[in-house]
Amino acid sequence: MFGEFVKQKRIECELSLREFCRRLNEDASNWSKIERGKLPPPQDIEKIEMISGILNIKKDSQEWNNLLDYARIDAGIIPDYVMKDSELMAVLPLFFRTVDNIKPTREELLKIIEAIKKGK
């Protein structure tokens with residue numbers, strides 16, 4: 001997600017991989033691996049801010065939020081706003097089991113339906 005998103009934005013900005021990496025002060029070979037999902041994305045907020053600046057992504061925009069979320073998720077980290085929401089965290093195991101094709105119980109389904117109704 002992160003690599004694909006950054007690559008798409010980089011192309012929209014008409015930046016070659018080498019020029020993007022020059023501005024970011026990164027090795028093009030390593031960055032190519034990030035774009036292809038072979039290496040995890042950076043987690044350093046300063047680096048992410050540099051990326052957003054190069055790609056003309058405004059801070060606190062939907063694209064900014066996507067950039068942060070993709071960086072966390074691709075690194076196997078649950079985003080902070082999810083971790084801080086106790087109701088959402090309570091249904092997360094159900095979500096993961098469902099994705100893994102393990103059928104949830106009736107009670108678990110009712111719990112997630114309630115969470116959805118509440119807008120969580």
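The values are calculated or read from the model by the stated rules, or taken from the named source; none is laboratory data. What you are looking at is a predicted structure, and each value in this text was computed from that prediction instead of being measured. For neighbour counting, all protein chains shown are included, and Cβ atoms are generated from backbone atoms with ideal geometry for every residue, glycine included.
Table for the structure above
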| quantity | calculated |
| --- | --- |
| Selected residue (criterion: farthest from I54 (Cα to Cα)) from residues of the stretch 1-22 that are of a type in the set (D, E) and assigned to a helix (DSSP H, G or I) | E4 |
| Single match in E63, E114 (criterion: among the acidic types (D, E) and over 15 Å from M1 (Cβ atoms)) | E114 |
| Yes/no for L109 being farther than 24 Å from E35 by Cβ, within 17 Å of the chain's Cα centre (by Cα), outside the structural domain of E46 (by TED's automatic domain parsing) and surrounded by 12 or more Cβ atoms within 10 Å (Cβ to Cβ) | no |
| Selection within the stretch 73-94 - surrounded by 12 or more Cβ atoms within 10 Å (Cβ to Cβ), under 29 Å from F20 (Cβ atoms) and either touching a strand residue (DSSP E or B) at 6+ places or on another chain (Cβ under 6 Å) or touching a residue at least 12 places away in the same chain (Cβ under 8 Å) (or both) | I73, D74, A75, I77, I78 |
| F96, sole failed condition from (1) assigned by TED's automatic domain parsing to the domain that holds K7; (2) part of a helix (DSSP H, G or I) | (1) |
| Hits in the stretch 23-36 - residues which are under 16 Å from A71 (Cβ atoms), in contact (Cβ under 8 Å) with a residue 12 or more places away in the chain and part of a helix (DSSP H, G or I) | L24, W31, I34, E35 |
| Subset of the stretch 5-45 [among the acidic types (D, E), loosely packed, with under 14 Cβ neighbours inside 10 Å and either modelled with pLDDT of 95 or more or outside the structural domain of S61 (by TED's automatic domain parsing) (or both)] | E12, E14, D27 |
| Boolean, D60 is closer than 30 Å to E14 by Cα and in a helix (DSSP H, G or I) | no |
| Hey, R97 closer than 20 Å to L17 by Cα and loosely packed, with under 15 Cβ neighbours inside 10 Å or not | no |
| Y70 being exposed (fewer than 14 other Cβ atoms within 10 Å of the Cβ) and assigned to a helix (DSSP H, G or I) | no |
| Qualifying position, being under 25 Å from S29 (Cβ atoms) and over 13 Å from the mean Cα position of the chain (by Cα), among K84, K103, K47 | K47 |
| Evaluation of K103 against (1) at pLDDT 90 or above; (2) among the basic types (K, R); (3) surrounded by fewer than 14 Cβ atoms within 10 Å (Cβ to Cβ) (one fails), failing number | (1) |
